[in-house]
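Structure record follows, encoded as structure tokens.
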Amino acid sequence: DLRSGISLFPQDLGVGISQVIPVIVAALHNEAGIVAVEEPESNIHPAFQVVLADLFITQAKANPDVLFLVETHSEHLMLRCLRSIRETTKGLLPDEFPSVAPEDVAAHFVESTKDGPRISRIEIDEDGDFVDEWPGGFFEESYQEKFAGR
């Protein structure tokens, strides 16, 4: 821990670190194919979730033969992707990050129906906003928590 100067073993950092290491290795060492990851945000701090999104974006842009398929409930991962699109559009993206266009990110919502699973694509515009509303209340919770009672 750089702040306290205390040496820590990986097992002291929490279970999330051990779960995310294979995800990082897969992101860094695939040159072609699909990197499929289920809930990479599990048990990791929100600040690290956005760093993970940056890793996915950077690696996807650097390796166009790699498709990142990420199943997530993390608002932080998605918001970082949207921010990257918005900052690209406005010319505000830091030089060390690759540009991101709406067509670089595909957001899908999968829900169960009586006829089987239904997949809905959620369109994203150049301002990094969702064009379509998310079914099932996703992203509404943070809005309600921030603005309820004002």
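Quick notes on this structure:
- By the rule of a C-alpha distance below 25 Å, with chain neighbours fewer than 8 residues away ignored, the lysines paired with residue 61 are 90.
- Positive minus negative residues near residue 86 (Lys, Arg vs Asp, Glu; Cβ under 11 Å): -2
- Element breakdown for region 85-140 at a 1.4 angstrom probe: carbon and sulfur atoms account for 46% of the accessible area.
- For volume of the Cα convex hull per residue in Å³, calculated from these coordinates, the label among (i) 240; (ii) 114; (iii) 179: (iii)
- For the chain, a Gaussian network of Cα nodes joined below 10 Å ranks 114, 90, 61 by mean-square fluctuation, and the top entry is 114.
- Candidate membrane-span-like segments in the chain, meaning DSSP H helices with Cα atoms spread over at least 15 Å of their own axis and a Kyte-Doolittle mean of 0.0 or above, are 15-28, 46-62, with no membrane implied.
- Rounded, prolate or oblate (a/c below 1.5 giving rounded, otherwise prolate when a/b exceeds b/c) for region 3-63 by Cα gyration tensor: prolate
- Surrounding net charge for residue 95, when Lys and Arg each add one and Asp and Glu each subtract one, Cβ distance under 15 Å: -1
- Note, ³J(HN,Hα) from phi for region 113-130, Karplus 6.51, -1.76, 1.60, rounded to Hz, x at Gly and Pro: 10, 5, 9, x, x, 10, 10, 10, 7, 9, 6, 10, 9, 5, 8, x, 10, 6
- Dividing the summed -39500 (n - 2.57) terms of all DSSP H runs of n ≥ 4 by the residue count of the chain sets its mean residue ellipticity at 222 nm at -11500 deg cm²/dmol.
- Estimated inter-spin distance, residue 104 and residue 51, nm [label 7 Å along Cα→Cβ]: 2.1
- Here the contact order of the chain, divided by its residue count and restricted to Cα pairs under 8 Å and six or more residues apart, works out to 16 percent.
- For the chain: accessible area per residue (Å², 1.4 Å): 68
- Ranked by the mean number of other Cβ atoms within 10 Å per residue, highest first, peptides 68-74, 53-59, 39-45 order as 53-59, 39-45, 68-74.
- Shape call, region 48-121: gyration tensor on alpha carbons, a/c limit 1.5: prolate
The values are calculated or read from the model by the stated rules, or taken from the named source; none is laboratory data. Predicted model only: the values in this text are computed from it and were never measured. With ideal geometry, Cβ positions are generated from the backbone for all residues, glycine too; neighbour counts draw on all protein chains shown. Surface areas here come from the heavy atoms of the whole protein model, side chains and all, with no ligands, DNA or RNA. Shrake-Rupley method; radii C 1.70, N 1.55, O 1.52, S 1.80 Å.
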